[in-house]
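The structure appears below as structure tokens.
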Amino acid sequence: MTTETTSKKFNIDTVEHAEQTPEQPLPWAELGLKENEYLRVVEILGRRPTAAELAMYSVMWSEHCSYKSSKVHLRQFGDKVTEAMKEHLLVGIGENAGVVDIGDGWAVTFKVESHNHPSFVEPYQGAATGVGGIVRDIISMGARPVAVMDPLRFGAIDHPDTPRLVHGIVSGIGGYGNSLGLPNIGGEVVFDSVYQGNPLVNALAVGVLRHEDIRLANASGVGNRVVLFGARTGGDGIGGASVLASESFDSSKPSKRPAVQVGDPFAEKVLIECCLELFKASVVEGIQDLGAAGISCATSELASNGDGGMHVELTSVLLRDPSLTPGEILMSESQERMMAVVTPENTAAFEAIMDKWNVEYSWLGEVTDTGRLIIEWDGEKIVDVDPRTVAHDGPVYERPYSRPEWLDGVQADSFAGDRPSDLKTAVLELMASPNMCSKDWITNQYDRYVQGNTALAMPDDAGVVRVDEETGLGIALSTDANGRYSYLNPYDGARLALAEAYRNVATSGAKPMAVTDCLNFGSPEDPEVMWQFAESVRGLADACQELGVPVTGGNVSLYNQTGGVAIHPTPVVGVLGVFDDVARRTPSGWREDGQAIYLLGTTRDELDGSEWANLHGHLGGQPPALDLGAEKTLAAILINSSRDGMIDAAHDLSEGGLAAALSEAALRFGVGARIAIDELCERDGIDAFTALFSESQARAVVSVPRSEEVRFNDMCAARNFPRTRIGVVDVESDALDVQGHFTLPLTELKEAHEATLPKHFA
Amino acid sequence: MPRIVVDVMPKPEILDPQGKAIAGALPRLGFTGFAEVRQGKRFELSVEGDVTEEVLEAARDAAATLLSNPVIEDVTRVEVIEDAQ
């Protein structure tokens with residue numbers, strides 16, 4: 001009986017069979033293809049697709065893989081890049097991740113991706129494999145991964161389903177990232193009921209390489225061999241790419257739930273080391289990681305980016321589950337797998353490295369120049385396609401979009417709520433709120449300093465990692481987004497997200513260089529969501545051009561909605577900056593007694609969309625005004641001050657305004673200050689409440705050593721940038737003393753700030 | 001005191017990294033002849049008094065909702081065992 005089942009062949013749908021049975025019905029709708037898309041496949045092939053071909057087209061033409069709704073807008077990231085912005089760009093959009101030159105022959109590759117839907121279904125494995133997937137993107141560029149970051153968004157903190165997601169996602173990220181030995185240097189945590197059924201789990205990874213080590217995903221050289229290595233192929237995430245990421249959740253269709261992908265971080269660690277040795281020994285011509293759409297994606301992309309053809313024998317794939325059909329093997333999203341192209345001469349050297357690391361591999365076929373991707377099953381042809389039609393010529397939609405009618409009403413509804421006179425209570429309320437409270441309970445579950453190169457990590461403004469141990473050359477990274485700002489005004493919201501990430505990087509002392517983005521939105525089939533998307537992309541591309549930082553890559557996640565309700569538009573923007581020497585980094589907290597505290601920038605009455613308004617149930621009006629010229633000047637001041645030793649601490653003002661910045665700067669090292677805001681209020685024509693809680697942009701708080709005050713003031717004056725001396729660091733006080741208003745003991749502030757997450761989740 | 005035994009296994013189609021690691025270690029220690037290892041877990045719920053059908057039903061409920069993760073695991077056994085002594 002056993003022999004019978006193992007020897008029994010699948011009822012294989014060959015190309016020949018497809019030609020003979022044109023009328024055979026195929027489950028294209030179940031696989032997520034629309035009728036026009038299926039008919040296009042038939043037109044391309046000149047016949048009905050085989051089951052295997054249908055599997056490939058359906059996953060590769062899904063929203064997740066083909067960017068069919070977003071492509072027409074994303075072009076702006078390329079179109080709006082100037083020659084000057086490309087100066088440091090070694091690899092731009094389109095590869096697995098962008099690569100940026102940081103000097104001394106070093107380069108950095110970084111990218112942020114989403115793993116939202118899988119993390120809702122199975123929080124631990126979804127978040128874990130999100131980390132694993134982005135790390136493999138970094139490896140496949142030829143880089144050694146050096147750090148990860150995770151911007152997270154959950155539903156309401158007190159919703160009964162939130163603990164399941166928080167516990168699962170946070171431990172999944174920690175479990176995978178810590179096992180890999182990668183420091184998690186920052187990210188975001190936001191709670192908002194709009195994310196209740198659609199938590200956002202975005203994962204960023206950054207890697208370091210020498211210029212000459214860059215590897216690209218293409219299969220060149222006729223006769224070169226194609227090899228699949230790493231974990232075996234199982235039923236993981238089958239249909240995940242096309243079904244899970246492209247359809248809204250609908251509980252009436254449980255049958256669509258695919259097998260959850262399970263990560264194995266130790267296998268990935270071996271894969272990292274093994275790949276780096278392959279690169280060092282120069283035995284691979286091209287390499288591609290396997291993520292969404294698995295072998296379908298890897299073969300079609302490698303072939304179409306190279307000499308145009310590939311011949312593969314699918315029965316050579318090592319399987320974890322021998323019952324998989326050819327279509328399932330092509331669609332499987334099993335983790336920890338890579339595909340490479342190797343010359344026949346290097347075959348032995350390749351195998352020796354695999355054996356050394358005890359990594360399984362199987363030779364699948366070879367590169368051809370036929371322009372066809374041919375996949376055989378036991379010698380019978382089951383796929384015969386032009387790989388470009390699978391990988392690049394998917395459908396492109398100009399989806400209709402329209403500005404929501406409700407937006408005028410929302411924008412006219414300015415914050416008119418309570419502005420209490422008891423500022424001490426207000427500050428405590430703000431700093432204990434879900435979005436402003438200490439995230440230590442989460443970040444303490446992650447390794448932040450493993451590998452010994454982390455110079456700054458959460459809760460500082462940016463994560464800072466040393467790249468070159470000799471010179472101190474290093475990088476800073478920050479990710480930001482404000483869904484509420486984007487809801488009020490998607491164009492400005494995206495620009496504000498970039499401005500904040502840019503400001504955070506500059507606050508740490510690094511020069512902003514490049515951008516990655518993860519655009520999280522609702523359904524593109526809703527014209528109002530599509531308008532939010534189009535506006536966000538336009539805003540981000542414009543702002544990138546104005547700040548002179550190019551987008552190098554990223555990811556779009558659509559269909560983040562439950563029923564008809566979409567999440568807030570959430571364009572997460574990651575900015576990479578460079579340091580000549582990370583020893584020059586600027587921490588966010590005060591340390592030295594007697595240093596002068598300055599507020600840089602102008603404060604206006606801008607409470608719409610603010611954390612304070614959010615805390616009081618209000619979302620309306622316009623987000624804070626943005627002046628990118630002022631952001632650039634502020635960044636230049638922060639970078640120069642850091643380089644020349646004029647400031648000892650700097651913290652940017654964003655959500656929660658001055659109240660949050662002062663509280664965090666004090667709590668960072670437990671050092672208080674005496675603050676006077678009356679002069680500021682008079683200069684900017686605002687009251688004390690507005691001074692503390694407004695979220696005006698292009699502002700930062702810095703502490704300046706007494707000996708540097710003249711020089712610092714001169715530099716700000718030369719750049720005509722507003723600054724006010726608002727106080728002095730006071731080690732003895734153990735309090736945040738806002739003179740004439742309140743004295744807040746640091747113990748009380750700390751207790752309020754740190755109790756929130758443990759209260760809900762510990 | 002009677003006990004209810006609950007066995008939980010990773011679903012057959014799900015990757016089991018622990019089992020895989022054990023499968024890799026077996027031949028290194030001289031245990032050959034094992035093709036695959038799947039690692040699950042076993043719970044023993046002690047019951048005060050008799051195991052009525054209600055108690056058993058409660059155990060099945062707990063097994064399906066708390067003791068196992070239905071997305072990636074199967075409950076393969078819920079059974080009463082009497083102590084030998």
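Evaluate the relative contact order of chain A (contact order divided by residue number), counting alpha-carbon pairs under 8 angstrom at least 6 apart; express in whole percent.
Dividing the mean separation by the residue count of chain A yields 15 percent.
Taking just the alpha-carbon atoms of region B:3-81, what radius of gyration and Dmax come out, in angstrom?
15.7, 47
So what's the net charge close to A:LEU749: Lys and Arg +1, Asp and Glu -1, counting the other residues with Cβ under 11 Å from its Cβ? Numbers along the way, then the final one.
Values: positive: A:LYS424, A:LYS750; negative: A:GLU664, A:ASP734, A:GLU748, A:GLU751, A:GLU754.
Net local charge, A:LEU749 excluded: -3.
Add +1 for every Lys or Arg and -1 for every Asp or Glu among the other residues with Cβ under 11 Å from the Cβ of A:ASP213, and state the total.
So the environment of A:ASP213 carries a net charge of +3.
May I ask what percent, to the nearest 5, of DSSP beta bridges between residues of region A:586-762 are antiparallel?
If we restrict to bridges inside region A:586-762, about 90 percent are antiparallel.
Taking 7 Å along the Cα-to-C-beta vector as the label spot, tell me the B:THR65-A:TRP357 distance in nanometres, rounded to one decimal.
4.5 nm
Name the long-range amide H neighbours of A:ASP386: under 5 Å, sequence gap of 5 or more, or other chain; modelled H, no Pro or chain starts.
A:LEU373
When the helices in chain A are scored as -39500 (n - 2.57) per DSSP H run of 4 or longer and the sum is shared across all residues, what 222 nm value do you end up with, to the nearest 500 deg cm²/dmol?
It lands at -11000 deg cm²/dmol.
Within 10 Å of each residue's Cβ, count the other Cβ atoms and sort A:ASP593, A:ASP480 from fewest upward.
By the 10 Å Cβ count, ascending, the order reads A:ASP593, A:ASP480.
Using all Cα-Cα distances in region A:97-144, what percent lands in each 10 angstrom bin from 0 up to the longest?
27, 39, 24, 9, 1
Highest GNM mean-square fluctuation, chain B, Cα pairs closer than 10 Å: which of B:GLY49, B:GLY24, B:GLY40?
In this elastic network of chain B, the residue with the biggest mean-square fluctuation among B:GLY49, B:GLY24, B:GLY40 is B:GLY49.
Mind sorting A:HIS753, A:HIS115 by how few other Cβ atoms lie within 10 Å of their own Cβ, fewest first?
Result, fewest neighbours first: A:HIS753, A:HIS115.
Starting from the 7 Å offset along Cα-to-Cβ, what nm value, one decimal, do you get for the label separation of A:LYS280 and A:ARG725?
For the pair A:LYS280/A:ARG725, the computed spacing is 5.5 nm.
Starting from the Cα gyration tensor of region A:586-762, take the square roots of the eigenvalues, sort them a ≥ b ≥ c, and report rounded, prolate or oblate (rounded when a/c is under 1.5, otherwise prolate if a/b is larger than b/c, else oblate). It would help to have the intermediate numbers written out before the result.
Working: a/c = 1.64, a/b = 1.14, b/c = 1.44.
Here region A:586-762 falls in the oblate category.
Under the Karplus relation 6.51 cos²θ - 1.76 cosθ + 1.60, θ = phi - 60°, what is the ordered set of whole-Hz ³J(HN,Hα) values for region A:111-126, x standing for Gly and Pro?
Coupling constants for region A:111-126: 6, 10, 9, 9, 9, 5, 5, x, 6, 6, 5, 9, x, 5, 5, x Hz.
Using 1/(1 + (r/R0)^6) with R0 = 35 angstrom and r between the beta carbons of A:GLU748 and A:ARG164, what's the FRET efficiency to the nearest 0.05?
In this case the efficiency is close to 0.60.
Over what distance in Å are the Cα centres of region A:206-239 and region A:481-516 separated?
Using only Cα atoms, the two centres lie 33 Å from each other.
Between B:ILE81 and A:ASP378, how high is the FRET efficiency from 1/(1 + (r/R0)^6) when r is the Cβ-Cβ distance and R₀ = 30 Å? Nearest 0.05.
0.05
If contacts are Cα pairs under 8 angstrom and at least 6 residues apart, what is the relative contact order of chain B in percent?
Relative contact order for chain B comes out at 54 percent.
Gain in length, A:ASP678 to A:SER171, computed as 0.36 nm per residue apart minus the alpha-carbon separation, to one decimal in nm?
178.0 nm
Once both labels are modelled 7 Å past Cα along the beta-carbon direction, what's the A:GLU592-B:GLU36 spacing in nm?
Taking the simple label geometry, A:GLU592 and B:GLU36 are separated by 6.5 nm.
Restricting to DSSP H runs of at least four residues, report the calculated mean residue ellipticity at 222 nm for chain B, -39500 (n - 2.57) per run over all residues, nearest 500 deg cm²/dmol.
Here the helix-only value at 222 nm equals -8000 deg cm²/dmol.
For a distance above 35 Å, tell me the whole-number percent of Cα pairs in the protein assembly as shown that qualify.
Summing the P(r) tail past 35 Å for the protein assembly as shown gives 51 percent.
How about region A:365-402: which GluC sites (Glu not before Pro) there are in a DSSP loop, with at most 10 other Cβ atoms within 10 Å of their Cβ?
Those satisfying the criteria are A:GLU398.
Averaged over every viewing direction, what's the projected area of the C-alpha convex hull for region A:87-185? Give it in nm², one decimal, please.
Result: 7.3 nm².
What length, rounded to one decimal in nm, is gained on full extension from A:ASP714 through to A:GLU19, with 0.36 nm per residue of separation minus their alpha-carbon distance?
Between A:ASP714 and A:GLU19, full extension yields an extra 242.3 nm.
Mind scanning A:LYS71/B:LYS20; A:LYS511/A:LYS750; A:LYS269/A:LYS632; A:LYS269/B:LYS11; A:LYS269/A:LYS381; A:LYS71/B:LYS11 and naming the pairs with a C-alpha gap bigger than 30 Å? Working shown, then result.
Details: A:LYS71/B:LYS20 41 Å; A:LYS511/A:LYS750 32 Å; A:LYS269/A:LYS632 40 Å; A:LYS269/B:LYS11 25 Å; A:LYS269/A:LYS381 36 Å; A:LYS71/B:LYS11 38 Å.
Long pairs (Cα-Cα over 30 Å): A:LYS71/B:LYS20; A:LYS511/A:LYS750; A:LYS269/A:LYS632; A:LYS269/A:LYS381; A:LYS71/B:LYS11.
Any read-out appearing in this document is the output of simple, stated calculations on the displayed coordinates, not a laboratory observation. Predicted, not measured: the structure shown is a model, and the values here were computed from it. Methodologically, a virtual Cβ is constructed for each residue, glycine included, from the backbone with ideal geometry; neighbour enumeration extends over all protein chains shown.
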